[in-house]
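Accompanying notes for the structure given below.
The values are calculated or read from the model by the stated rules, or taken from the named source; none is laboratory data. Worth saying up front: this structure is predicted, and the values here are computed from it rather than measured. A quick note on method: Cβ atoms are made from the backbone with ideal geometry, for glycine too, and the neighbour counts reach across all protein chains shown. Surface accessibility is based on the protein's heavy atoms, side chains included, excluding ligands, DNA and RNA. Shrake-Rupley method; radii C 1.70, N 1.55, O 1.52, S 1.80 Å.
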Amino acid sequence: MMVELCVCIGSSCHIKGSFGVIQAFKQHIEEKSLQDKINFKSSFCMKQCSNAGVAVSVDNVIHQVSPDKAGEFFTAQVMPKV
C-alpha cells in the first residue's frame with residue numbers, strides 16, 4: 001500500500017516555505033529509495049492558510065510543518081507508514 005504524501009503549494013504555504021519542505025521530502029525519498037512506496041504530490045490549497053507552517057497531508061491527515069523541521073517530520077510521521 002502506498003503512502004499518500006501531499007504538500008500545499010498555495011500562496012500562503014509558498015510564503016511559509018513549501019519549497020523547502022518539498023526539497024527535504026524529495027531528498028529523503030531518494031536517499032531511502034521510497035519512490036515505489038510513497039505517492040508524493042502537491043496541492044494548490046488545503047484551506048490551512050491561517051495556521052502556522054506549511055500544510056502537509058499524510059494519508060489524508062493534515063499536519064503543519066516548518067521547512068527546518070521537515071526532515072524530522074518525515075522520519076516521525078511518514079517512515080512508520082512505509
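Annotations for the structure displayed:
- Taken together, the residues in region 1-31 that are open to solvent by less than 20 Å² (accessible area, probe 1.4 Å), closer than 14 Å to K69 by Cα and not hydrophobic (A, V, I, L, M, F, W, C) amount to 2.
- Any pair with Cβ under 7 angstrom, 6 or more apart, that starts in region 8-22 at a residue that is within 15 Å of K41 (Cβ to Cβ) and ends at one that is of a type outside the set (K, R) and in a helix (DSSP H, G or I): C8/S18; I9/S18; V21/P67; V21/A70
- Matching residues in region 58-78 - criterion: being open to solvent by less than 60 Å² (accessible area, probe 1.4 Å) and of a type in the set (A, V, I, L, M, F, W, C): V58, V65, A70, F73, F74, V78
- Within region 39-57, the set of residues being farther than 15 Å from Q23 by Cβ and buried (at least 19 other Cβ atoms within 10 Å of the Cβ) comprises M46, Q48, G53, A55.
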